[in-house]
Structures are given as structure tokens and as C-alpha cells.
Amino acid sequence: MFTWGEDSQGGFRVKKGSASAAGDGVYFLKLSFHIKDLSAGHSALAFVKSEGNVSIIRTNESNDGRRVRGNQKFVKYKEKIQAVSCGDDVVTLLSETGRVLCVDSAHPPFTPRPLEVLCNIPVSQVACGSQHSVALTKDGQVYTWGQDFRGQLGLGRRKLGGDSPQHLRSLSSIPLVQIAAGGEQSFALSVSGGVFSWGRNDCGQLGLGDTTDRHTPNPVHSLDMKKTIHISCGKDHTAILTKDGVVFTFGSGQYGQLGHNSFSDELRPRIVAELWGAKVIKIACGRHHTLVMTDSKRVYSFGCGEQGQLGHGEESHPSVPLPVQLPQGNTIYAIVSSTITKLNSKMIDDIFTQDVHEGSNSDSMNKVQHCLDGLIDRWTSEHDSKSWKKIKQEIQRIFSFASCVNQSFLEQSRDKHFQTSPTYFGLNLSVARRNFKKLVKKETVLAEVETAVMHLLPTLDKNPVGVEGLRIYLLLIELLHVIQKHKRQQSTNLAEAVAAAVVRLSADSLQVIGDWWSSLSPSTMVKYVKVWKQTLSVILSLHPVPRNNGVKNLLLVLQYMYNANSRITERRRMPERDFCLSMDEGFLNQDLRLWRSRSQHKNMRVEPLILCSFPIVMDLKSKKRVFDMNAEYTKDEAVDHVFFDLLSVLWGFPPLLQRLLFELDLKRATVLEDTFQQLAAVDHSNYKRTLMVYFDANYHAVDDDNLQIKDFFHDVFHEMFSAESEMFMFNDSKTLAWFPSRATQDEKRYFLFGVLCGLALFNQCIIHLPFPLVLFKKLLGVKPSLEDMMEFSPCIGKTLQYILEEDDIENLDMYFLINWDETDVDLDPDNPEKLVTNQNKKEFVDAYVNYAFNTSVVRLFQEFKRGFFQVCDRDLVKLFRPKELQEVLVGKDFHDWTKLKQNTGYEWGYHAGHPTIQMFWEVVDELTEDQKTAFLWFVTGFEKVPILGVDTIKMTVRVKQVEDLSYDQYYPETHTCFSILELPIYSTKEIMRDRLTEALSNKRNSHK
């Protein structure tokens, strides 16, 4: 063993002649025993021999102020000792069975005192600061005790320290592999290289970028993904070693102990650049100096050298690594530097030339104590009752803390788990899946695991200090997936418990898990979504459906996964329909009734389960059904009011029959003006009553009132969007409308326009509404985007896209000036003639889109929106996504002409085999797509079909009655309300084509 520093060879009881100088201030001690661990503190030096015995050497201060090393004292204990750590006066021992013992070196005899709290908790590591201690258990839990003036116990702000070890719960879910302690600071290291620090920080020794003390563990983010494998602490500086052999130091640089060729403090970890090119494999910090050892077994030191503790043969303070002068031909295994000794105390640095015990505190190297890898094979193998008892105990121990689960199934390939971050979880889910498949095949083992997990879940930290503490949530979902796939009959209890744990997480933790979900492969994402859908399907099949927090938690987790899926690029994103659940009409009806009751009675305790809270699980059919049922209930309420009015006749009051219906009496020639006048004249509550429409005072024209309503919406919307109405501006191709920036019509009309759109939705009618998707986005509170401009004005949209993609935008000489709706607009009036640059081009594009779809139409859109929601319940409209709302209100393009042919009926002599009918379908097949769209409008009154009624589109074709039988002279006629086509019996196909296409061109339909 090589030693250097003041009186470094004293106290080891070497035989005469066994200590010799090996270099400048370096001594070689030929010991008669092997040392496997050693630690030095302010007043004591302790070492462990290879056979497990411990000796302590006490250092005392003489009357003249000199420090004198005493004799070596043997510590008697029944168990072998594995490791030792020294504070100022207290020596902490760790036995091979994991028992922690304390020895007060100031009061001989040196009698080990077990720590009662840790008597039944096996410990793997101990570390001592000046007056505090830290222990890491074999289950990965941290305990601290001692002085706590600077927060070094990590237990939060408390008045006093604690002589009894306290569980540091904030680290309970982190899979830790090492602890370290300095003067008044403490550190912990995770399996994937996460570093956590707490305590004194006046010199930046915590590496957090400031000098503020921390009373709880904080992640050192500067070291994230650096592959940290070891930490060593001095009094007020810290050294970090990575798996790649790189050394970082931070904290006090007063004596040059950071190795940065300066004496300045470093508040964040900084690479020791002078060590570039050499792979460091060991580090050790003294009070104010640092030692490192390279893979070539060379030792370097830097920092305070006043006592010769650097091994350079001179008392200086080099601030860069210099080699220790060691003789050649010796194989070095470990380095140990005294940590807490005072500046004028006996200093000792040691180089071991024999192997150091693997369990010593000097080398964590990220060894995993307990994890599921490898255990599941043993659990699921054949075993007797005695072995089963041991396995059950092992299962309970593994699942007592999340840390054991969180260090399982790591992605070892190319050390990828060291890259764990808020966007990468560092797990090999394929390996986890294979192991869980083995697990579920053994019913007894699975049952034991489920029981243990159920006990663990309520104890999980809501906001783990490091992201590694969140891996358990992915692994448990993976386990749930395997259970559901391989077990026929399942309870929903475990899934509900996992969901409850996820829901309890903090917003920051949920964000991390959401980002992890977003990074999953599409196939894995689908599997995880199915976990929650399958559980919910089981619950929704019950009668009655439970409406408790357990079900709501499941829905919330599904919502979180939906949100995560929304952040994925469209190519990898799951279709939104894959989140939908199957729900019968009875359940929807019950949920709707609860919603209506809650709307009327705000203090109701029972709430709807899905409606208005989780629309993501509703398909379009369910949403539309709920909206339509609500409309019918609302209309029925008006009937109920009339019923009570009729009863009031008995008391002498006339019945208010007008409260039953909302009647519009219109003239076809002035349908739009009449509609606006009558809508404006009635009380707004009338809009939600049963709608009746009469044309030209003809109150008995049709037997089906719905057909009159359909005809009404057809006429009024087509007239409203005609050029004569001047209510809207249109895009260059005249295919899409938008609100004008300078309205020429009364703003009240836009309110009534909103009412009409609401009435159409409320009465289940599709309408001619040539607006872009952005209208429906705005109704639902979704922000307009460049894609909306692309739809409305492809020319402007492409120009804006070009601006975003162009690298040298200054050459275009553009300003924040645009022309919109034939008006010049300054997008930044506070900065006239503001030039578009590479730095502000996104600001320009956003401002352009915002002006077009928001700023320029604020008043008109607000009026439209107000009118729309006078009719339709806002909460129920928000069930729809923008595209769904558009398709429900406007319909969708129809292309299945074969289906229409199959659904067509014939009357008055026509039949499917009639020559004229065969000729007719040949003509229809030969029409262009635009002509086919015109034909659909010609027959049904709409250019599109109901989104949910494509398969039910029907048409009736009958012979047109002509008195003179000169069929070729007549055009086809339609009754759009009934979707009836009156087709003359044309003599040739050519005549039929001419008459039909001319009718489509001139829209020669007649309303009857």
C-alpha cells in the first residue's frame, strides 16, 4: 500500500523496516494483512481487513496544539464488516449482512452500537459527512441522520437534526446505486446516471448553478445523460466520474481542487479538460484536493498540498492534474483519499495494490441490487412449499418500493438507458413483455404480484424527484396488457388501481409520461390504449353502469393517452376513432338525462359519466344521437308547458298554444327577408320549440312537415350565399365564403345567420354552408392556423408557407403590410413599415392568419356565434371535433352511385328493367363528377348527404305525366322534399342526356 501526506504511514503497526520511501513524499507500506476498505475523518481513521475485522486509529490534539495519532484499536463484533465510513468523530460500520453500526471514536472502548431503526433493514452502502450520515438499503431506499443545519439530511426544513435514521421518501421511487456525503452536502446516484444533491451549497458544491442551500434532493440536470457512474465529495467540492472515463468537478476551487487551471468556484459541473485523452476509472476527493486514476493505472492529484497529500514532493496548490510519483511495476486497484479531515490534521491518501472488495463504498459502478430481470424465471419454475415461501417474501420485497421495479428491464444496448430523460424512458419493453408472459402463466405467482402491486400503488410518489421514478407506470401498463391478452376472465381492480395512481401524479410528471407515450412505437401505443378501452368496455357492459371515481380515473388515463397521441406526427398517430368505446343507447340516454338535470340543478351530486367530459370515447354516431335526443327532449318540454297551460283553463286562464310551436310563415319570393324579419321578431326561447314552416300561406301543401323544413333550409341558405345578399366575401375561386372585414349589412343579420345554422343542426337538416373548416374551429375554440389559409386561399397560403421555408427572406423586401378583402392593413401599427426578416417571419405569418380569421371579423363572428348558441347547447356542440361538426351540418360528398341505384324505387309504370330506366342509369354513369353533384342537388336539394346517412340515401323515379305524350319536349322535374324524380319517357338516350344536363345546368327543379 502506498501512502502520502502528514504522518501517513503511522498507526498501521507495520514491522520495523516494512515502511520505505517510494518517491517524493510517497511511502510504501508492506502490511501483514490486506485492506478492503478505508476511511478517514477529522479525528479518526478506520480500515477493514480482508477477513472482516475493523481497526480504528484515533487522532488527538496534544497540549502544544500538535495532532498525534494514537494506537490502532481493534473493534470487536460478531459479524464480519464489509465497509467503513468516518465522520468527524463517529465511525460507521457496515456488516456483510447489511447491519449498520456506529462507533464513537471520542469515547473508548470502541463498542459498535446498532442503529435500531435499521436493525431489520439490510443496508448496502453508508457514507458519512462531517456530522451527518447517509445509508442506502439493499431495497434502494435512503436513510439519513445527524446534524441538519444546512439541509444535508434532505428531509425538508426542520428545526433539529435527528440521531435516529429517517427515511428519505422523496427518493423512494428512484433506482439508486450509490450515495456520497461531503462536509455538509449529500449526493445520490441512480442506475441510469441521474445525480441528486442536497445540503450546503455556498460554493456551488451541489452543482445546481447557484449558491442556495437545498433541504431536499434536487436533480443535477447538467449531468443528465452524461453516464455518471461514481460520485466523490470533499468538504465543499464534488467530483463526478462517467462511464466514458470523463471527470466533472464543481464547487469550491479555492485550492485548485477542481483541476480547471484556476482557483474559482464552479456552480455547475465542468469537465476537467486537462484529463482529456486519458480514461479515468477511479476518483476520490479529500477535504480540499482530488485524486484520479486512469485505466493505465496512473494516479493524478490536484488541489491543496500543504501536508504533502498530493504526492508531488512539494507543498503547493496545483490547479491542474499532476502525476503522483509512484514506482513502476505495481498494479494499482483503488485510491482512497481522506475526506473530512481538517487542514492541519494528519492527512492520508492511499493506493491499494491488492483488489478491493466489490461491496466497498469506494466503487458503485451502477450495480443493481434488486430488479425483476432474471427473477421471474426462478419464480415461475417448479418449486416446493419452502421455496414458494421464500419466493413470496421476495415478491413482497421487490414490490415494496417502486425503485426495484424502476431499475428493471433497462435498455442495455449501447448503454441507452443512460439517455433516460423526460422524452426517453430507457426501458426495453420487449424484454419486459416476454417476462410478463411467463409471469401470467403461473397463476399463484401472478396473484401474489397483483396483491403486492395493489399495496404499492397508493404509496407511489406524486412527483418523483427524477424521471426514472416514473418507469413503473409504463411497466405496469405493459403487465396489464399481457394479463388482458393471456387471461380470459379478468378483474378490473388492478387496472383501476393503476389508473388512480396515474391520475394522482403531478402535472409535471403527467407531462413526462405523456411524452414517453408519444415516443412509443405505433403498435405499442395501440396496445396501451386497448388496455384502458378493454377495462372500460367490461365496466360499461354492467347494468347499471357504475359511476364512481374508479371509472372516471380510467377515462382520464385514456384522455391523457389521447392527448399524447395528438402530439405525435400525423404519420405515426393513431386514428381518433381508435379511442372510441361502444356504448348502447340506454347508457347514452341516461348520461344525457343526468346532464340535463345537472344543467337545471347545479348542486346535483350525480354527474354524467362521459357526456361533455370525455367526448374522445364517443364516435360520431353517439355524439349525433345524444345531440338529437337532447333536441327532442327540449321540444317535448315546450309540449309539457302547453299541457300545464291547458290545465290552467280550469282556473280561467286561456291556454298559450303558441308556446307549442315555432312557426315561420314565409313567401318563396322573399324567403330570406321574411326569415330574417320573423326570426328577429320572436323571443329567443322560441328557437328551441318544434319548428313549423309554411310557404305562401299554404298550410296543407305537404303531409310531412319535415319536408317543408328541409325545403326551407335549402332555399334560405342558397339565397343567403348568393351574390345579391352581399353578406359574405368569397375566395378567388368563389367556392368558399367568409365574413367580410367591412360589413355592408346590419350586424344583426349575422346573429340571425348563426341562429339559422343552429336551427338546422337542432332540426337535423344539412345545409348549403360553403365556409372553410376554420368557421367550425372557431366555434369550438380551436385556434386558426396556416392550414386554414391554405384551404380558403391556396395562393396566399402557399406564399406564406414559402416565406416560412425561405432562408433569405430579407431579399423579398416585404413589410408587415397586407391587402385583405380589398383593404390595405398594417399588421403591426405600432411599428410602421416593419420589415419581414428571418427572425420575425413566423410572427408575420401568424399575424396574417390571425388578422384574416380573427381580428378582421371580431364583431361579425361574435354575433354569429351568439346566434348559433342561442339555439344549440354549447356543451353538447363541444362534443364534436371541428371536422365532425362541419360534416354533421353540411354533410359529405357522395360518390356511391351504385348504392343509390340499389336504393332507388320506381312508380307509375317504371321498374328496374324498364328501357327508359336502363337508359337513365347509363346517362347518369356518363355524367362528370360536377354534373353528378349537381344531379344530387337537383333531386335531394343538397349537394352533399348526411354524414351518418350515406347508406340510406334513396330516390324514387316515376313517369312524368304529360297530357300530349310529347315526352321529348319536357325536362325532368324533381320534388326535392321527397327526393322524387319525374322522368319523361324519352325516345333516345341522346335526348335524355340533353334534357337532363340542361335541367342540371339551369337548375330547373320545381318545388311542390
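The values are calculated or read from the model by the stated rules, or taken from the named source; none is laboratory data. Because the structure is predicted, anything quoted here is derived from the model rather than measured. Backbone-built Cβ (ideal geometry, glycine too); neighbour counts: all protein chains shown.
In the stretch 888-910, how many residues are assigned to a loop (DSSP other than H, G, I, E, B) and closer than 21 Å to residue 717 by Cα?
Qualifying residue count for the region: 3.
Given 135, 83, 106, which one is under 23 Å from residue 287 (Cβ atoms), among the aliphatic types (A, V, I, L, M) and in a loop (DSSP other than H, G, I, E, B)?
Result: 106 is the single residue among 135, 83, 106 that is under 23 Å from residue 287 (Cβ atoms), among the aliphatic types (A, V, I, L, M) and in a loop (DSSP other than H, G, I, E, B).
Restricting the stretch 549-566 to residues that are of a type in the set (S, T, N, Q) and farther than 17 Å from residue 577 by Cβ, which is surrounded by the most Cβ atoms within 10 Å (Cβ to Cβ)?
Filtering first and then ranking leaves 553.
Among the residues of the stretch 386-415, which ones are free of Cβ contacts under 8 Å to residues at least 40 places away in the same chain, under 16 Å from residue 449 (Cβ atoms) and loosely packed, with under 15 Cβ neighbours inside 10 Å?
Those that are free of Cβ contacts under 8 Å to residues at least 40 places away in the same chain, under 16 Å from residue 449 (Cβ atoms) and loosely packed, with under 15 Cβ neighbours inside 10 Å: 389, 390, 393.
Residue check, residue 885 against (1) modelled with pLDDT of 85 or more; (2) in a loop (DSSP other than H, G, I, E, B); (3) within 22 Å of residue 620 (Cβ to Cβ), all met but one. Which one?
Only one criterion in (1) modelled with pLDDT of 85 or more; (2) in a loop (DSSP other than H, G, I, E, B); (3) within 22 Å of residue 620 (Cβ to Cβ) is unmet by residue 885, namely (2).
Which condition number does residue 766 fail, the rest of (1) modelled with pLDDT of 95 or more; (2) crowded, with 21+ Cβ neighbours inside 10 Å; (3) not acidic (Asp, Glu) being met?
Residue 766 satisfies every listed condition except (1).
So in the stretch 770-799, with the set limited to residues that are of a type in the set (A, V, I, L, M, F, W, C) and buried (at least 21 other Cβ atoms within 10 Å of the Cβ), which one is farthest from the chain's Cα centre (by Cα)?
Selected residue: 792.
Given (1) part of a strand (DSSP E or B); (2) closer than 20 Å to residue 397 by Cα, identify the lone condition not met by residue 98.
Among (1) part of a strand (DSSP E or B); (2) closer than 20 Å to residue 397 by Cα, residue 98 violates only (1).
How about the stretch 190-245: which of its residues are in a loop (DSSP other than H, G, I, E, B) and in contact with a Phe, Trp or Tyr (Cβ under 8 Å, 6 or more places away or on another chain)?
192, 193, 204, 205, 206, 207, 220, 225, 226, 227, 243
Checking the structure you have, find out if any residue of the stretch 541-548 is over 22 Å from residue 455 (Cβ atoms), at pLDDT below 95, out of contact with any Lys or Arg (no Cβ under 9 Å at 6 or more places or on another chain) and surrounded by 15 or more Cβ atoms within 10 Å (Cβ to Cβ).
Yes, that holds for at least one residue.
Six or more apart or on different chains, Cβ under 6 Å: which pairs go from a residue in the stretch 230-251 that's surrounded by fewer than 23 Cβ atoms within 10 Å (Cβ to Cβ) to one that's hydroxyl-bearing (Ser, Thr, Tyr) and modelled with pLDDT of 95 or more? Could you list them?
Sorted first by the residue in the stretch 230-251, then by its partner, the pairs are 242/228.
May I ask you to list the residues in the stretch 865-910 that are closer than 22 Å to residue 739 by Cα and free of Cβ contacts under 8 Å to residues at least 40 places away in the same chain?
874 - this is the single residue of the stretch 865-910 that is closer than 22 Å to residue 739 by Cα and free of Cβ contacts under 8 Å to residues at least 40 places away in the same chain.
Suppose we keep only residues that are of a type outside the set (A, V, I, L, M) and in a strand (DSSP E or B) within the stretch 823-862. Which one would you say is nearest to residue 773 (Cα to Cα)?
Result: 823.
Filter the stretch 521-546 down to the residues that are assigned to a loop (DSSP other than H, G, I, E, B) and without any contact (Cβ under 8 Å) to a residue 60 or more places away in the chain, then identify the one that is farthest from residue 609 (Cα to Cα).
Step by step, filter the stretch 521-546, then rank; the result is 521.
Of all residues in the stretch 89-103, count the ones that are modelled with pLDDT under 90 and surrounded by 19 or more Cβ atoms within 10 Å (Cβ to Cβ).
Qualifying residue count, the stretch 89-103: 1.
Looking at residue 599, is it surrounded by fewer than 20 Cβ atoms within 10 Å (Cβ to Cβ) and more than 20 Å from residue 548 (Cβ to Cβ)?
yes
Among (1) without any contact (Cβ under 8 Å) to a residue 60 or more places away in the chain; (2) in contact with an Asp or Glu (Cβ under 7 Å, 6 or more places away or on another chain); (3) under 20 Å from residue 937 (Cα atoms), there is one condition residue 735 misses while meeting the rest; what is its number?
(2)
Restricting the search to the stretch 911-957, which residues are assigned to a helix (DSSP H, G or I), under 29 Å from residue 884 (Cα atoms) and β-branched (Val, Ile, Thr)?
Result: 933, 939, 940, 950, 952.
Is one or more of the residues making up the stretch 175-186 over 24 Å from residue 118 (Cβ atoms), at pLDDT 95 or above and in contact with a Ser or Thr (Cβ under 9 Å, 6 or more places away or on another chain)?
The answer is no, given that none of the residues of the stretch 175-186 is over 24 Å from residue 118 (Cβ atoms), at pLDDT 95 or above and in contact with a Ser or Thr (Cβ under 9 Å, 6 or more places away or on another chain).
Determine if the stretch 116-123 includes at least one residue that is among the β-branched types (Val, Ile, Thr), closer than 19 Å to residue 146 by Cβ and part of a loop (DSSP other than H, G, I, E, B).
There is at least one residue in the stretch 116-123 that is among the β-branched types (Val, Ile, Thr), closer than 19 Å to residue 146 by Cβ and part of a loop (DSSP other than H, G, I, E, B).
Looking only at the stretch 967-1008, filter to residues that are among the polar types (S, T, N, Q) and under 60 Å from the mean Cα position of the chain (by Cα); which one of those is modelled with the highest pLDDT?
Looking at residues that are among the polar types (S, T, N, Q) and under 60 Å from the mean Cα position of the chain (by Cα), I get 997.
Among the candidates 771, 776, which residue alone is modelled with pLDDT of 95 or more and part of a loop (DSSP other than H, G, I, E, B)?
Testing whether each residue is modelled with pLDDT of 95 or more and part of a loop (DSSP other than H, G, I, E, B) leaves just 771.
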